[in-house]
Structure formats: C-alpha cells, structure tokens
Amino acid sequence: MAEELAATAQGWRQGSILASADSLTMTVEPIIATAIAEEDVFIVLSHDCDVANPDLDKEPFVELILARRIERSVDGNLTFGKNPRQLTLEIGGGWYDISIHTKCRCPRQELSGKTAVGTMDDDSLRLLRRWAAQRYQRAAFADTFNTRTAAIGKSVHDLLKKEGQFLSGIYLVVSDAELPPDQPYVVIVLATMTTDQYAEPELRRKAQVLVDQVAAFLDGCIGVRVEDSEVRPESAVSLDDIRVLKRWDVEYLSFRTTPGGSMSPDPL
C-alpha cells in the first residue's frame, strides 16, 4: 500500500500539471481521440483529499483534464468560464485551451515515480474548478425569453469574442416565467470584472461601453426591455446578488440559432 501511494508523498494534488510525455506510459482512459502535442499538459482535477486518500479501493483513480497549448489570439468568449464546453486559461505564462470533453482518468498509483512539471496558481485553479462544476449546474432561462433574444446571439458572441476578454461574466436579472406576448421581460444586465482589472480606469471604461452595447442588443429585441446595465468588480457581488443573478452564456445563444439548438446559460 505504501508503495502504491508513493504519489501522495511526491506532492501530487489538485492543479498539479503532468507533462504529456508522461501520460504515454500511463493507463489514461478514455483515450484522447486526437493527437497530443509535446507542449500540451494534463491537469489533476481530483480533489486533494481524493488524491491523498489512503484507501485505493475507495479512490482507485485520479481524474485529469487535457490542456492544449495555443499560440492564436485569445477569444474573449472562452475566458473566465463564459463557455461551458471550452475554457481558455493562462497557465505558467502560456495560454491553453481546455475542453470539457477531454476529461479522463488513470489509476491513482500510476502517478508514483512521476513528478509534476508545475502547479496551477490559486486563481487559475479556482476558475478551472468553477468552470468544470458549471457543466452540471447551469441555470435555464424561460423558453419565451430565449426565443425573443435568439436573433442577437451571433452579434453578442462576435462582440465578446473581439473585446470581452476582461469580462469575467455577464449576468441577467430577469423573470423565469413564460410571459404572454403583450408582457415584456424587464432585464437588468450586470457584468463582472476581476477586482484588479476593475481598478484600472481605462479597462473599466471599456467594460462599461461593452456592456452597454450588449444591453442595447437586448433592448432591441421585441418583448424585452432593459432597465439598467452595470459593471462591478467581483468583490462587489454579494450572496444576495447571487440568489437572483443568472449567468448569460452567449455560446448557447449562438448555438440555438442552428437546427435543434437550445440554450441553458450558466449560473454565477
């Protein structure tokens, strides 16, 4: 047992980074369908307590996720967990794409004899955890609201792709009810920034302009009326706010314009 759990003594934990070359000698399942480049890495997703659990029968596997190194410009729709399927994240000074569909696992004892090439910083790890969890707890908007706002999906998506990198999220306060045609959805738009970026006046100004543009798109939808649009630092979002805010996932807005599409945006 001590030999099998040597990985624990070697410091493996949630957020530890495994070189792609090391994965070639491990029993990773399911097998990643596409080629893995040398500069790609695997990140440990399992909780620290599960990685260190002394009982291999209770925790026989460690969960990993593949992060692919990118050189292209960063898509603002993919930062800060705005997209539920794909996340673009800075790790160790480089940018990586992470797909929710490249989660995998390997027998926990196979980490023994291997050394992590790095560990994610706390902020990036916190974001990765939140993004992975949102896959299973996305909020839903009323179908009627989705229908009324479907036409602006591409416009909002394109706007955020170009300029939305510094927004950590866009949230709406809006009714869950299926409203009749003669009753508009009254909406408050709230965007968040990291507290550090919000403290920079020029970034804050650009963010407000961007959020006002998003609000204008919404307000132009038939049956939707925007009452206010605001940018706040994440530190100014309270627990009371979280109870009423719904994360507006514009990736789903674009998706639902295709045949069979549907939208179910993320919560905070």
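If a residue has to be of a type in the set (Lys, Arg) and surrounded by fewer than 19 Cβ atoms within 10 Å (Cβ to Cβ) to count, how many in the stretch 81-96 make the cut?
Residues that pass the stated criteria total 1.
It is to be established whether one or more residues within the stretch 125-142 are in contact with a strand residue (DSSP E or B) (Cβ under 9 Å, 6 or more places away or on another chain), outside any helix (DSSP H, G or I), modelled with pLDDT of 90 or more and open to solvent by 30 Å² or more (accessible area, probe 1.4 Å).
no
Could you give every pair whose Cβ atoms fall below 9 Å, whose first residue belongs to the stretch 1-25 and is part of a loop (DSSP other than H, G, I, E, B), and whose second residue is open to solvent by 30 Å² or more (accessible area, probe 1.4 Å) and at pLDDT below 55, counting only separations of at least 6 or pairs across chains?
So the pair list comes out as 2/9.
Can you name the helices (runs of 4 or more DSSP H) wholly within the stretch 145-257 that have at least 1 residues being closer than 16 Å to residue 82 by Cβ and among the β-branched types (Val, Ile, Thr)?
Because the criterion is at least 1 residues that are closer than 16 Å to residue 82 by Cβ and among the β-branched types (Val, Ile, Thr), the helices (runs of 4 or more DSSP H) in the stretch 145-257 that meet it are 153-163, 201-219, 250-255.
Identify, from the list 91, 36, 32, the residue that is closer than 30 Å to residue 197 by Cα, in contact with a strand residue (DSSP E or B) (Cβ under 8 Å, 6 or more places away or on another chain) and of a type in the set (A, V, I, L, M).
None of the other options fit; the residue is 91.
Could you identify the single residue in 203, 172, 190, 167 that is in contact (Cβ under 8 Å) with a residue 24 or more places away in the chain and under 17 Å from residue 75 (Cβ atoms)?
167
For residue 46, only one of the following conditions fails: (1) at pLDDT below 90; (2) surrounded by 17 or more Cβ atoms within 10 Å (Cβ to Cβ); (3) part of a loop (DSSP other than H, G, I, E, B). What is its number?
(1)
Can you pull out the residues in the stretch 143-186 that are of a type in the set (A, V, I, L, M), open to solvent by less than 50 Å² (accessible area, probe 1.4 Å) and more than 21 Å from residue 231 (Cα to Cα)?
150, 177, 179, listed by residue number.
Return the residues of the stretch 198-244 that are open to solvent by 60 Å² or more (accessible area, probe 1.4 Å), closer than 18 Å to residue 155 by Cβ and among the hydrophobic types (A, V, I, L, M, F, W, C); say none if nothing qualifies.
Those that are open to solvent by 60 Å² or more (accessible area, probe 1.4 Å), closer than 18 Å to residue 155 by Cβ and among the hydrophobic types (A, V, I, L, M, F, W, C): 209, 216, 217, 222.
Suppose we keep only residues that are more than 17 Å from residue 14 (Cα to Cα) and either without any contact (Cβ under 8 Å) to a residue 24 or more places away in the chain or part of a loop (DSSP other than H, G, I, E, B) (or both) within the stretch 87-108. Which one would you say is farthest from the chain's Cα centre (by Cα)?
My answer is 93.
Does the stretch 51-71 include one or more residues that are part of a loop (DSSP other than H, G, I, E, B), in contact with a strand residue (DSSP E or B) (Cβ under 6 Å, 6 or more places away or on another chain) and open to solvent by 40 Å² or more (accessible area, probe 1.4 Å)?
no
Could you say which residue among 99, 112 is touching an Asp or Glu at 6+ places or on another chain (Cβ under 9 Å), more than 22 Å from residue 192 (Cα to Cα) and open to solvent by 20 Å² or more (accessible area, probe 1.4 Å)? So that I can check it myself, show each step before the final result.
Working: 99 fails: touching an Asp or Glu at 6+ places or on another chain (Cβ under 9 Å).
Going through 99, 112 in turn, the sole match is 112.
The values are calculated or read from the model by the stated rules, or taken from the named source; none is laboratory data. On a predicted model such as this, the values are computed, not experimentally measured, just so you know. So basically every Cβ, Gly included, is an ideal-geometry build from the backbone, and we count neighbours across all protein chains shown. Just so you know, the surface numbers come from the protein's heavy atoms only, side chains and all, with ligands and any DNA or RNA stripped out. Shrake-Rupley method; radii C 1.70, N 1.55, O 1.52, S 1.80 Å.
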